[in-house]
Every structure is written in structure tokens, then in C-alpha cells.
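Before any comments, here is the structure.
The values are calculated or read from the model by the stated rules, or taken from the named source; none is laboratory data. From a predicted model like this one, the values you see are computed outputs, not experimental measurements. Note that each Cβ is placed from the backbone with ideal geometry, even for glycine, and that neighbours are counted across all protein chains shown. The area values use the complete protein model at the heavy-atom level, side chains included, leaving out ligands, DNA and RNA. Shrake-Rupley method; radii C 1.70, N 1.55, O 1.52, S 1.80 Å.
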Amino acid sequence: MSTTTVPRVTTRRAPHAADDNGWPQLVETVRESGLYPTRSQAEQVTRTVLAALGTHVTGDERVDLARALPPEAARLIASQIPAMRRLTAARFVDEVASRTPGATSATARWDVSSVLSALPPLVGDDLVTRILAQLPAGYALLFGRAELAPTS
């Protein structure tokens, strides 16, 4: 009898991630959580935020994130050139605002939170924890998590 081991970097793909229904479901989740009036608006926000995220997630986490997302979302993540310097969460929100016509920091924060908080149910808490470990402090709130500071 032979046994096989699965490498740590391999993540289980969400049941809907490999099919064509995954992208519409993700956009609908963002539309509902962000209270966007149209699917088109939610889709644009989702594309903008995922493209920005794709520049800041690197290494195994980037590969695992792309594997766990629906193909359209995976392409948005994987097609980005990684940034040379990681942005703080506030600067990340400002970057999204600069990519969104008419956006302010407040509306961009809403957009970012609407998209990033939709990811944990798709990709799993373990992967989100790994992603947050490589990003500067402040991103946890954008993913809908509490940001716990270590005590001294």
C-alpha cells in the first residue's frame, strides 16, 4: 500500500471555484454585502479590488489564492505584476481610490471591504491568515476580521 502526501501549498479548491458559476456568485456576494445597486457596479468594484490585491499578495499565498478563486478572479490576481513595496492598508485603499473614477478614500474603503470580506468563505480562513501574515498591519479589518495587537 502506498501513501501520498499533499504539499502544504496546495489548497482545496472551493466546489464552485472551477466552474463558470463561481464568478457570478462572487460578484453577487459583493453586490449584496456592498449594497451596490447593479451587478455591473459590483463587478467593476470586484475587478478593481482583486487587481490591486494581486499586486500585493506574493509567493505560495498568491498561487493558493488564485487556485481557490473562480477562474475569472484567479486571472485578475495572477495577471498582476507584484509590487516592489508593500502598501499599508490605508495606502492600499488610496490606491484602489485612484483606480476608481469619482472614488474617495471612504468609498474605496467600502469597496475594498465589500470585496475582501467576501473572500474568506471562498478561500478558507487558513489561507486568509497566511495572506494577512505577509501584509502590513491593518489589512485584517478589510477582510472582515478583528486586528488584534500583541500585548507588551
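Some notes on this structure:
- Shape category assigned to the stretch 13-119 from the gyration tensor of Cα positions, a/c cut at 1.5: oblate
- Taking each residue as 0.36 nm, the span from D125 to D60 lengthens on full extension beyond its C-alpha to C-alpha distance by 21.9 nm.
- A simple packing score, the average count of other Cβ atoms within 10 Å per residue, orders the peptides 87-95, 110-118 as 110-118, 87-95, with the highest score first.
- With a 1.4 Å probe rolled over the protein heavy atoms of all chains, the accessible area of E147, E72 falls in the order E147, E72, largest first.
- Remark: the stretch 46-141 carries 43 Å² of accessible area per residue (probe radius 1.4 Å; ligands, DNA and RNA excluded).
- Gyration tensor verdict on the stretch 33-81 (Cα atoms; rounded if a/c is under 1.5, prolate if a/b is larger than b/c, oblate otherwise): prolate
- Calculated FRET value between Q134 and Q25, using beta carbons and R₀ = 35 Å, to 0.05: 0.85
- Full-extension gain in nm, I81 to R39, via 0.36 nm per residue minus C-alpha separation: 12.4 nm
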